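Derivation of every value follows stated rules applied to the coordinates shown; laboratory data play no part. Quick caveat: nothing in here was measured; it's all calculated off a predicted structure. All Cβ positions, even for glycine, are placed from backbone atoms using ideal geometry, and neighbour counts span all protein chains on display.
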């Protein structure tokens, strides 16, 4: 995987857009989510998008293919909730290995197919590792500030299982994303380093936090610079931000990272801020126009989209990115 480091120096890499936005178009019912295999499952499963890698694999494959064809170099696996901690909501903890393995395998098949067609543009799969629905550094109970719903060790064990399955399924990169609590991310990164040591392998790691509002901080209270410093001991392919904000709102925080980081910088913002119905209205053209600022200021090495983005958004971003040089890694701007 040294190849990706080389490409990162040559051009801006394009990440895919939102999996959830694309799956919503199918309007899958409870029965669609269940498929034949889970028709008698005791709990409702509608909304468990990761499960669709088993019950609707062709739909997942098609999303990956559309993003690659739109110009993406990297697609993310359909595994945002792929830990025992998140899957407990559906009583599907025992399926975690299979869900991650299948999701990576599906994405890798499409990546290989497109790479074979266009050998000059190799395609990569990033194993998506979400933040889980628990936070290790804050109490969910205002009356008991010392309480934690999850421990560091519980997170580490859950993440390790996910990481092993993603790698077994063929993921080229591991993407720890939408980080709202850096302690959770540290558990994921600790687990990745454990697996790397045990298997004697090296795997590129992308880390992406989320700034939750105009305060410029993560949910657990860190500024962009503090977020970077607290994770910089880990060797990374890239560090960046995704979700929560649109491209415009993200610019000042990317500037902080670009000034301080010795890694590549990534960004996959939402298609603007959600409207009153929780939908995203920003067009591909509007989003690309805002992202132009990143490229003109030389802030990024990897660029893609999060909530509300589609292959049309990614195509507009890819068309823009090809005309700009990537940020020089390890050089302050």
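Taking a ≥ b ≥ c as the square roots of the eigenvalues of the Cα gyration tensor of the range 169-270, is the shape rounded (a/c under 1.5), prolate (a/b larger than b/c) or oblate?
Cα axes put the range 169-270 in the prolate bin.
Counting other C-beta atoms within 10 Å, which of 300, 195, 328 has the fewest, and how do the rest follow?
328, 195, 300
What is the order of 172, 112, 94, fewest Cβ neighbours within 10 Å to most?
Lowest count first: 94, 112, 172.
Express as a percent, rounded to the nearest 5, the fraction of DSSP beta bridges in the chain (both residues included) that run antiparallel.
5
Going by the alpha-carbon gyration tensor, a ≥ b ≥ c the square roots of its eigenvalues, is the range 65-119 rounded (a/c under 1.5) or, if a/c is not under 1.5, prolate (a/b greater than b/c) versus oblate?
Cα axes put the range 65-119 in the prolate bin.
Between residue 24 and residue 322, what is 0.36 nm times their sequence separation minus the Cα-Cα distance? Round to one decimal in nm.
Between residue 24 and residue 322, full extension yields an extra 104.3 nm.
Percent of Cα-Cα pairs more than 25 Å apart in the range 189-332, please.
Taking all Cα-Cα pairs of the range 189-332, the fraction more than 25 Å apart is 29 percent.
When only Cα pairs under 8 Å and 6 or more residues apart are kept, what is the percent relative contact order across the range 13-93?
38
Over the chain, with a Gaussian network built from C-alpha contacts below 10 Å, which listed residue (76, 164, 198) shows the highest mean-square fluctuation?
Of 76, 164, 198, the Gaussian network model singles out 198 as fluctuating most.
In the range 2-321, what is the volume of the convex hull around the alpha carbon atoms, normalised per residue and reported in Å³?
Spread over its residues, the Cα hull of the range 2-321 gives 135 Å³ apiece.
Ranked by Cβ crowding within 10 angstrom, fewest neighbours first, how are 250, 51 ordered?
51, 250
With a ≥ b ≥ c taken as the square roots of the eigenvalues of the C-alpha gyration tensor of the range 1-156, please select rounded if a/c is under 1.5 and otherwise prolate if a/b is larger than b/c or oblate if it is not?
oblate
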